[in-house]
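Accompanying notes for the structure given below.
The values are calculated or read from the model by the stated rules, or taken from the named source; none is laboratory data. A quick note: this is a predicted structure, and the numbers were derived from the prediction, not measured. Using ideal geometry, Cβ is built from the backbone for each residue, glycine included, and neighbour counts are taken over all protein chains shown. Accessible surface areas use protein heavy atoms only, side chains included; no ligands, DNA or RNA. Shrake-Rupley method; radii C 1.70, N 1.55, O 1.52, S 1.80 Å.
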There are 2 protein chains.
Amino acid sequence: MTLTGKMLIGQQSLSGHRDAIRAINPATDTPLEPAYAGGDGEQVEQACALAWDAFDTYRETALADRARFLETIADNIEALGDELVERASAETGLPSARIQGERGRTCGQLRAFARTVRLGEWLDVRVDTAQPQRQPLPRADLRQRHIALGPVAVFGASNFPLAFSVAGGDTASALAAGCPVVVKAHSAHPGTSELVGRAIAQAVKQCDLPEGVFSLLYGSGNEVGIALVTDPRIKAVGFTGSRSGGVALCQAAQARPEPIPVYAEMSSINPVYLFPAALEARAQALAEGFVASLTQGAGQFCTNPGLVIALQGAALERFITVASDLLPGCAAQTMLTPGIFSAYETGVSTLAKHAKVAAKGLAASGPNQGQAHLFVTQAQAFLNNEHLQAEVFGATSLVVECRDAEQMRLVSEHLEGQLTATLHVDEHDLPQARALLPVLERKAGRLLVNGWPTGVEVCDAMVHGGPFPATSDARSTSVGTAAILRFLRPVCYQDFPDALLPHALQHSNPLLLRRLLDGQREA
Amino acid sequence: MTLTGKMLIGQQSLSGHRDAIRAINPATDTPLEPAYAGGDGEQVEQACALAWDAFDTYRETALADRARFLETIADNIEALGDELVERASAETGLPSARIQGERGRTCGQLRAFARTVRLGEWLDVRVDTAQPQRQPLPRADLRQRHIALGPVAVFGASNFPLAFSVAGGDTASALAAGCPVVVKAHSAHPGTSELVGRAIAQAVKQCDLPEGVFSLLYGSGNEVGIALVTDPRIKAVGFTGSRSGGVALCQAAQARPEPIPVYAEMSSINPVYLFPAALEARAQALAEGFVASLTQGAGQFCTNPGLVIALQGAALERFITVASDLLPGCAAQTMLTPGIFSAYETGVSTLAKHAKVAAKGLAASGPNQGQAHLFVTQAQAFLNNEHLQAEVFGATSLVVECRDAEQMRLVSEHLEGQLTATLHVDEHDLPQARALLPVLERKAGRLLVNGWPTGVEVCDAMVHGGPFPATSDARSTSVGTAAILRFLRPVCYQDFPDALLPHALQHSNPLLLRRLLDGQREA
């Protein structure tokens, strides 16, 4: 497939009218063809108009048809073959194996949402049958289902060019819910975006859906993004990226005449707690696991372990020593973009002003290579200095040495909201871990025991979310099948004749849903 | 029980330090004793600190204990007996029978949430068991439950001094979710608020819960409200009231360092569609039902039918004629407060400038009595004039005459978000009604056939919500058991030893929950 540099507005390929973006191969600092001219307000308007036209039809597609559409997207992405892997690798500096793994995850995710759509539990069907004889007043027949919110704007992330981008979790869950999607491609991987976008547009056609179900726009500045978020036909936003970017979108969405929900996944330093018995028993193994998690993918994961919290003492010293011995053996890795590399350098410099450097990875040997860093500080310093809990996106972490369990609790209470919190414990640590759990439950969306936070399973129970600033909406997850719930709202139908009810609510229960019927869950 | 004029900060009764509010009997325009001195920032801070202290304990109370607490509140409210009815009636001008009915609804609501708490479906437990042999990577054990968001600020409504006030739906659902509640009493019924607040505080004590689970504050201006919404320990807000008040709270909540969700139920004119065959067959009965719904409770319901939409013609003329003949027989009714009466007069005057008066109710014979009004306009005028869809809180409605089905659709698309939309149909109207349904589903939280929107059942399937400005969050309902979902967030536990897991997630399923286990719903 030849890349065209064009946007997709429904089934139409169109060139933008604004400044072009061009991917840069971060490993060589060279630009990649073709150029992607940015869209303008009018093109945003076209995409939103098509999405709006498609909405009422698409949201009422049969569950089986919608599921088949998601599966067709997955098939089409797989059919792109090596071209997708090569382009994504060139645009991101990520190795082919990683892109292949991410492709598997992305297609698996689409198929997981297909299963979720078919199961239909997200419809949350509730039926309260009429009680005409009730005193003092009769009860009407009341039936509730969930429907799609409306067209959704999705902003692709830089660090997962497939799994959190054009056909990533936000798009998959919004399409699953019945929402048309307009994607603003991330400027770091426009070619990957075009390939995947065309795979989706092709699926729209194959499945005979209205073309407005999917559009893909490019833009170098924030014109397209703001036009999208403020378009009255857009009813929700999915975003993965920086805290400043996410907050700006939230503010734009709230300032609309009709405010809309924004699901922004933004910033997390993912504290890892090393409890005394575990640390005493296996400081070496913990340090090895930690360094592996820290440096994986150049540390460019939302769930990268950016903070280690433990009691000061000989065991923690051993942990720091082993980690510090390992780090100089870790090669500097090419980061995703020159911008991310430069922000990483700035973040490391700032940390270096406020905390002690314990160790560094190998120095860079090429452009945009991030050098791993390990810093150490004292709990009191951490409590006094907000710079120390700013996210540094990359392979950098900070060890916070606590005097005692009470100081560990204070440090924990001082943390902002997080995607994850990890506890390394042995049997003897359980009472202390249990005492800290209520704090961590308030702070993070996912709590792990004796693992590492990098690696986010796509499954029913996953929560990739958490209190602000981890996300803009702690009530939601952006990974896992529960992500579909973000794009739905309940509607109640009172005393409807059966013929006028949607299938999901009809008396005979043709979709075989497990309804909440007169207060009882159906078997 | 002697009213004290004091606030409740946990178990302590305290006098405020700011200007006092005093209820006014709207039927006589006379103030009622005692005075309720307003709280200040420090007292808000005390209440929030207590709520925060109570949070971790309260949110982990056993489901049975929490349910019993809700039932105890209901028992205590009933035990207040006639004193509550008399005071509420004096403070609102509402007849005793209406207050008695509302008391039944309020206590029934608390007991319904007790059943919901015991059932535990809101925990939404999802378990994905470990797959240590999975290739290429093993899967961890992942378990999700929902926990309470944190302390909730509740703003009581004027028009339901019991059911949407101190122990109303917001408080009941927040307490059910495991959130401590700090109520800002509505200044129109402070005595009712004190009585109910003391019933709750007594239940806190009887159930041996931490005192911070409930506090009740007064305030004449917006100092208390803004201090509450901006307190970092408050994690969500429930509000029922005016559009300007709700929007102000949303803005204050979004401007916090950590933004929080606000569930504001604000403004709705509740369109009623009279389809041709139904109108032809029973214009008289429809007009009678309409006037009864319009004038019930002086029209002071969020779901009051403020808009009638129909095709022009002889049948609609008959409807207007019958309604216009009935209206002059409707007595002017005392409105809830002098402020509401005055806003009603202003709203009616504005409408009178933009639409034709078809009929009026009986003129007032006492203070604060709202005179019913029926206006008529043409669809084109409605489309061109935003004044015509502003909510006028009271017994006023506007008939919009449409030329044809297409104009009816345009008028519908032009509507802002609504709590309800009502369709009066006969068999022959079904195709036309079906064609309009997609628009109405996008506009309203509840759709009714051949009924009247006033009267909101507390049940599982109810949706009392809808797109902005009906509410600030169309994803939610403030009435019915699904209201509990507003105050929860998911937390995932990865590879936790059973002993460290909350009961809801333990392997043996001690709470007997119907979990989503490895993708299958348990029977």
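So, in segment A:475-492, of the ones that are of a type in the set (A, V, I, L, M, F, W, C) and open to solvent by less than 20 Å² (accessible area, probe 1.4 Å), which residue ends up farthest from the other protein chains (Cβ to nearest Cβ)?
Filtering first and then ranking leaves A:Ile484.
Can you give me the ranges of the strands (runs of 3 or more DSSP E) entirely in segment B:106-157 with at least 2 residues that are open to solvent by 10 Å² or more (accessible area, probe 1.4 Å) and in the same structural domain as B:Thr72 (by TED's automatic domain parsing)?
Correct list: B:142-148.
For A:Ala523, are the conditions met, namely being open to solvent by 30 Å² or more (accessible area, probe 1.4 Å) and either part of a strand (DSSP E or B) or within 9 Å of chain B (Cβ to nearest Cβ) (or both)?
Yes.
Could you check how many residues of segment A:211-243 are open to solvent by 60 Å² or more (accessible area, probe 1.4 Å) and either within 14 Å of chain B (Cβ to nearest Cβ) or under 15 Å from A:Asp170 (Cβ atoms) (or both)?
Going through segment A:211-243 one residue at a time, the tally reaches 2.
Considering (1) more than 8 Å from chain A (Cβ to nearest Cβ); (2) among the charged types (D, E, K, R); (3) surrounded by 17 or more Cβ atoms within 10 Å (Cβ to Cβ), say which one B:Asp498 fails and leave the rest.
Tallying (1) more than 8 Å from chain A (Cβ to nearest Cβ); (2) among the charged types (D, E, K, R); (3) surrounded by 17 or more Cβ atoms within 10 Å (Cβ to Cβ), B:Asp498 fails exactly one: (3).
Which residues, taken from segment B:136-154, are more than 8 Å from chain A (Cβ to nearest Cβ) and over 16 Å from A:Cys459 (Cβ atoms)?
Passing the criteria: B:His146, B:Ala148, B:Pro151, B:Val152, B:Ala153, B:Val154.
Applying the selection to segment A:246-281, what residues are crowded, with 23+ Cβ neighbours inside 10 Å, more than 12 Å from chain B (Cβ to nearest Cβ) and part of a helix (DSSP H, G or I)?
A:Leu249, A:Ala278, A:Leu279
Taking B:Asp429, is it more than 7 Å from chain A (Cβ to nearest Cβ), out of contact with any Phe, Trp or Tyr (no Cβ under 6 Å at 6 or more places or on another chain) and surrounded by fewer than 24 Cβ atoms within 10 Å (Cβ to Cβ)?
Here the answer is no, as B:Asp429 does not meet what is asked.
Would it be correct to say that A:Thr57 is open to solvent by 20 Å² or more (accessible area, probe 1.4 Å), among the β-branched types (Val, Ile, Thr) and at negative phi?
Here the answer is yes, as A:Thr57 does meet what is asked.
Could you please find all residues in segment A:232-279 being touching a Phe, Trp or Tyr at 6+ places or on another chain (Cβ under 6 Å) and of a type in the set (Val, Ile, Thr)?
A:Thr240
If you go through segment B:405-416 one residue at a time, do you hit one that is in contact (Cβ under 8 Å) with a residue 60 or more places away in the chain, over 26 Å from B:Ser244 (Cβ atoms), open to solvent by 10 Å² or more (accessible area, probe 1.4 Å) and within 14 Å of chain A (Cβ to nearest Cβ)?
No.
With respect to A:Thr72, determine if the residue is of a type in the set (Ser, Thr, Tyr) and within 14 Å of chain B (Cβ to nearest Cβ).
Against the criterion (of a type in the set (Ser, Thr, Tyr) and within 14 Å of chain B (Cβ to nearest Cβ)), A:Thr72 does not qualify.
Scanning for something more than 13 Å from every other protein chain (Cβ to nearest Cβ), in contact (Cβ under 8 Å) with a residue 40 or more places away in the chain, open to solvent by less than 50 Å² (accessible area, probe 1.4 Å) and among the acidic types (Asp, Glu), does segment A:376-393 turn up at least one residue?
The answer is no, given that none of the residues of segment A:376-393 is more than 13 Å from every other protein chain (Cβ to nearest Cβ), in contact (Cβ under 8 Å) with a residue 40 or more places away in the chain, open to solvent by less than 50 Å² (accessible area, probe 1.4 Å) and among the acidic types (Asp, Glu).
Please find, within segment A:436-463, the residue that is farthest from the other protein chains (Cβ to nearest Cβ) out of those that are acidic (Asp, Glu) and farther than 22 Å from A:His414 by Cβ.
Among those residues, the one meeting the criterion is A:Glu457.
What number of residues within segment A:151-172 are of a type in the set (Val, Ile, Thr) and closer than 24 Å to A:Ala97 by Cα?
Of the residues in that region, 2 qualify.
Name every residue in segment A:78-98 that is part of a helix (DSSP H, G or I), touching a residue at least 60 places away in the same chain (Cβ under 8 Å) and surrounded by fewer than 23 Cβ atoms within 10 Å (Cβ to Cβ), in order of residue number.
A:Ala79, A:Glu83, A:Ala90, A:Arg98
For A:Arg434, are the conditions met, namely being surrounded by 20 or more Cβ atoms within 10 Å (Cβ to Cβ) and among the charged types (D, E, K, R)?
It is false that A:Arg434 is surrounded by 20 or more Cβ atoms within 10 Å (Cβ to Cβ) and among the charged types (D, E, K, R).
Just one of (1) crowded, with 23+ Cβ neighbours inside 10 Å; (2) more than 7 Å from chain B (Cβ to nearest Cβ) trips up A:Ser508, so point out which.
Status for A:Ser508: all satisfied but (1).
Please go through segment A:339-360 and give me each residue that is outside any strand (DSSP E or B) and open to solvent by less than 20 Å² (accessible area, probe 1.4 Å), ordered by number.
Correct list: A:Tyr344, A:Gly347, A:Val348, A:Leu351, A:Ala355.
Taking the options A:Glu265, A:Glu317, A:Glu288, name whichever one is free of Cβ contacts under 8 Å to residues at least 12 places away in the same chain and not small (Gly, Ala, Ser).
Residue meeting the stated conditions: A:Glu317.
Look at B:Thr422 and say whether it is touching a Pro at 6+ places or on another chain (Cβ under 6 Å), open to solvent by less than 10 Å² (accessible area, probe 1.4 Å) and not charged (D, E, K, R).
In short, yes.
I'd like the full set of residues that are among the aliphatic types (A, V, I, L, M) and within 9 Å of chain B (Cβ to nearest Cβ), limited to segment A:417-426.
Within segment A:417-426, A:Leu423, A:Val425 qualify.
Among the numbered criteria (1) touching a Gly at 6+ places or on another chain (Cβ under 8 Å); (2) at the interface with chain B (Cβ under 9 Å from one of its Cβ atoms); (3) on the phi < 0 side of the Ramachandran plot; (4) open to solvent by 10 Å² or more (accessible area, probe 1.4 Å), which single criterion is violated by A:Pro469?
(4)
Report whether or not A:Thr422 is of a type in the set (S, T, N, Q) and more than 14 Å from the chain's Cα centre (by Cα).
Here the answer is yes, as A:Thr422 does meet what is asked.
State whether one or more residues within segment A:58-66 are at pLDDT 95 or above, within 14 Å of another protein chain (Cβ to nearest Cβ) and in a helix (DSSP H, G or I).
Within segment A:58-66 (the criterion being at pLDDT 95 or above, within 14 Å of another protein chain (Cβ to nearest Cβ) and in a helix (DSSP H, G or I)), the answer is yes, since at least one residue qualifies.
List the pairs whose first member sits in segment B:101-121 and is over 15 Å from B:Gly81 (Cα atoms), whose second member is hydroxyl-bearing (Ser, Thr, Tyr) and modelled with pLDDT of 95 or more, and whose Cβ atoms are under 7 Å apart, counting only residues at least 6 apart or on separate chains?
B:Ala112/B:Thr481; B:Phe113/B:Ser173; B:Phe113/B:Thr481; B:Thr116/B:Thr481
Please go through segment B:296-323 and pick out each residue that is part of a helix (DSSP H, G or I) and farther than 26 Å from B:Glu386 by Cβ.
Answer for segment B:296-323, where residues must be part of a helix (DSSP H, G or I) and farther than 26 Å from B:Glu386 by Cβ: B:Gln296, B:Gly297, B:Ala314, B:Ala315, B:Glu317, B:Arg318, B:Thr321, B:Val322.
Looking at segment B:21-54 only, could you name the residues that are open to solvent by 40 Å² or more (accessible area, probe 1.4 Å), of a type in the set (S, T, N, Q) and either free of Cβ contacts under 8 Å to residues at least 60 places away in the same chain or not in a loop (DSSP other than H, G, I, E, B) (or both)?
Hits for segment B:21-54 are B:Thr30, B:Gln46.
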